[in-house]
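See structure below.
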Amino acid sequence: MEIAASLVNLLGFALGTSLYLLLLVMVVYYRDRPFNYLIFSTAVAGILWNLGEMTDSLWQGFYYEPSPVLIPTVSFSALGFLLAVVTHSALKDDESNLSKILIVCGYLFSLTATFLNIHALFSGAQVPSKLSLQVLIIGTASLLASSIFLNLSENANKKLMMLAGLSIFLTSLVHLSGETEEKFWFVELFAHQSSMPLAIMILLQDYRFAFADLFLKRALSLILIAFVSLLLYMFIALPIQKYLNPTQSTAILLSLWIFTAMLYPFLNRQAVKIVEKILRRADWETVKEQIKESIEALDSVDLILDLLCDKLMKTLLAKKADWREIQEHPVSLPDVICSQKGVQILIPTTDAPSYALTLENLAGGRKLLSEEIEALKTLALIVGRKIDSQRVTHERCEQEIREQEFSKLATEAQLAALRAQINPHFLFNTLTTIGYLIQSSPEKALTTLIRLTELLRAVLRSTDEFIPLSDEIKLVQTYLDIEKARFEERLETCIEVPADLERIKIPSLILQPLVENAIKHGISKSKTGGEVKISAKRIIQNSQDFLLLTVLDNGYGFDESELRKSGRKGIGLANIEQRLKNYYKGKAELRIETKKQVGTKAQIILPIAYKNDFADVT
């Protein structure tokens with residue numbers, strides 16, 4: 001079994017070197033925490049111990065003689081130094097006098113053992129010095145006994161690590177201080193690899209999640225495959241070699257290696273399962289399916305992102321989760337950004353806004369595994385596509401509704417315009433006026449009748465939804481001429497439209513209802529009559545040209561509630577608002593200001609250089 005013990009030792013020293021090297025990388029690489037000199041010293045000491053012992057074992061295997069005495073001097077001094085750093089690391093946060101005394105004692109024992117080994121080196125005595133090992137045994141036993149009485153309830157994990165480390169350390173020292181070494185491989189493994197559990201405990205405590213991502217799954221897979229290879233070699237290859245010739249032995253070894261290679265995928269899957277159980281990792285396939293099913297039933301972006309925050313906060317054990325919009329630069333690809341505070345997940349969408357989800361204060365300062373980062377990217381892509389799909393669905397529904405309303409409003413607008421212009425009450429009053437004028441002023445009656453004919457012809461012939469402003473003004477002027485015949489001196493009018501604005505296209509019959517309201521609700525109710533003033537001018541809002549149309553009267557005035565009620569009955573105001581909304585998609589506006597005994601001001605604001613064909617400047 002001597003060969004087996006040697007193989008196990010070499011494997012153990014190689015793995016121990018890897019573990020402490022990983023610990024060294026963790027201390028140097030992860031700068032999101034203060035530099036830990038104690039763990040750094042532990043890593044260096046562990047590397048020196050394992051490298052020294054591995055070199056000594058290989059030296060004796062190749063040269064059949066002890067290695068140069070400097071190698072065991074360095075390795076056993078490093079092993080002794082582990083006693084001090086383990087004690088200091090476990091007790092550094094405890095302010096009690098006993099803890100401080102134990103830390104000092106740990107360094108004294110380690111320095112004494114190192115001095116004895118160096119003295120043995122220069123004096124030509126045996127290295128490691130038996131006295132140095134005895135000092136370490138006494139020191140370890142003393143520290144172990146004293147640490148039991150420490151009150152580290154707030155740092156129970158560190159106390160447990162210290163007790164376990166010192167116990168294993170003491171057992172190893174007792175074995176190493178013996179006259180001869182055991183030939184049983186499991187005894188050799190336990191004795192020489194006592195520092196390995198210490199490295200694993202430190203990694204799991206201080207670098208738990210980064211350790212798992214970088215090493216644990218792969219290391220465990222390699223350990224399993226190495227263990228299987230060792231078992232096959234010791235219990236199959238070695239026993240049957242004495243019965244086979246060299247060719248047959250080589251064939252058996254190749255067969256065993258092929259079998260081991262075929263077994264690796266299975267061992268790797270088992271290693272992954274073990275690690276995920278140890279670290280209590282979520283099953284991300286299940287998480288993705290649950291989130292995907294849950295968001296399918298939601299029809300709001302806010303609800304989707306709130307659900308994602310809640311699910312990920314529970315899955316990753318975060319203390320806080322929130323999301324925000326990204327307006328300036330839409331995210332095109334999913335990304336996961338890890339920082340000291342937590343994790344930011346960028347959710348891509350086709351159009352702005354995109355979204356960023358932030359998870360803060362992950363439990364235990366955990367780091368994300370590469371598999372988790374990929375799972376989060378996949379989730380971000382799933383949620384982003386769901387948001388895009390929902391937006392398209394909503395836009396399609398809104399477009400269909402808008403088209404239906406537009407078609408309906410177009411028909412209603414034509415009918416409403418006809419009803420407003422050919423209102424029975426309006427016609428009755430006009431015809432009554434003409435009848436009165438036939439007797440008193442036949443020429444004026446004829447002029448009024450001609451104006452009425454022109455008005456009806458203009459309304460009935462108008463089929464375009466948009467007409468030049470000049471045409472709308474002509475129609476309004478005709479209407480006012482008819483009303484002047486009725487109100488005579490009680491109605492005064494004024495139209496101010498610059499010539500450069502006359503060819504701008506506006507929705508047809510957009511001004512006439514406002515003028516009719518001004519006369520019906522303002523002038524007619526005033527005993528003294530009043531003036532109706534119509535104007536147009538160009539204004540600039542937010543660096544864009546707009547056309548401002550104003551209908552102002554100084555008549556009786558009325559409450560806005562009366563105005564809205566009148567509009568709903570068909571005198572155009574509600575109709576105008578809906579037409580503006582559909583034509584200009586929210587960029588046009590109707591404003592009404594009114595006050596009794598003062599008058600009413602109605603204004604329409606239209607974008608001039610609107611990008612569709614509804615309004616243009618020629």
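Just to be sure I understand, how many residues within region 485-539 are under 22 Å from residue 448 (Cβ atoms), part of a strand (DSSP E or B) and not aliphatic (A, V, I, L, M)? Residues in region 485-539 being under 22 Å from residue 448 (Cβ atoms), part of a strand (DSSP E or B) and not aliphatic (A, V, I, L, M): 5 in total. Taking residues in region 250-262 that are over 13 Å from residue 231 (Cα atoms), and partners anywhere that are of a type outside the set (D, E, K, R) and not in a helix (DSSP H, G or I), the pairs with Cβ atoms closer than 7 Å and at least 6 places apart or on different chains are 252/244.
So, in region 494-507, exactly how many residues are surrounded by 13 or more Cβ atoms within 10 Å (Cβ to Cβ) and free of Cβ contacts under 8 Å to residues at least 60 places away in the same chain?
Selection size over region 494-507: 4.
Just to be sure before I move on: is residue 556 in the same structural domain as residue 509 (by TED's automatic domain parsing), within 46 Å of the chain's Cα centre (by Cα) and either closer than 18 Å to residue 517 by Cα or at pLDDT 80 or above (or both) in the structure I sent? No. Of the residues that make up region 1-8, is at least one in a helix (DSSP H, G or I), crowded, with 21+ Cβ neighbours inside 10 Å and at pLDDT below 80? Checked against the condition, which is being in a helix (DSSP H, G or I), crowded, with 21+ Cβ neighbours inside 10 Å and at pLDDT below 80, region 1-8 yields at least one hit. Looking only at residues of region 595-612 that are closer than 20 Å to residue 578 by Cβ and outside any strand (DSSP E or B), we find that the one that is modelled with the highest pLDDT is 610.
Residue count for region 300-354 under the criterion of being within 18 Å of residue 379 (Cβ to Cβ), basic (Lys, Arg) and in a strand (DSSP E or B): the result is 1. When 466, 428, 487 are checked against the criterion of being loosely packed, with under 15 Cβ neighbours inside 10 Å and either small (Gly, Ala, Ser) or modelled with pLDDT of 70 or more (or both), 428 stands alone in meeting it.
Exactly one residue among 481, 471 is within 59 Å of the chain's Cα centre (by Cα), closer than 28 Å to residue 550 by Cβ and either part of a helix (DSSP H, G or I) or modelled with pLDDT of 85 or more (or both), and that residue is 471.
Of the helices (runs of 4 or more DSSP H) that lie entirely inside region 202-290, those containing 1 or more residues that are modelled with pLDDT under 75 span 208-211, 217-232, 246-278. One residue stands out in region 563-594 among those that are assigned to a loop (DSSP other than H, G, I, E, B) and modelled with pLDDT of 75 or more: the one that is nearest to residue 519 (Cα to Cα), namely 588. Looking only at residues in region 297-319 that are under 19 Å from the mean Cα position of the chain (by Cα) and among the acidic types (Asp, Glu), the one that is surrounded by the most Cβ atoms within 10 Å (Cβ to Cβ) is 306. What pairs can you find where one residue is in region 29-50 and on the phi > 0 side of the Ramachandran plot, the other is modelled with pLDDT of 85 or more and among the acidic types (Asp, Glu), and their Cβ atoms are less than 8 Å apart, with a gap of 6+ or different chains? Partner pairs satisfying both residue conditions: none exist.
The values are calculated or read from the model by the stated rules, or taken from the named source; none is laboratory data. Worth saying up front: this structure is predicted, and the values here are computed from it rather than measured. Glycine also receives a Cβ, built like all others from the backbone with ideal geometry; neighbour counts cover every protein chain displayed.
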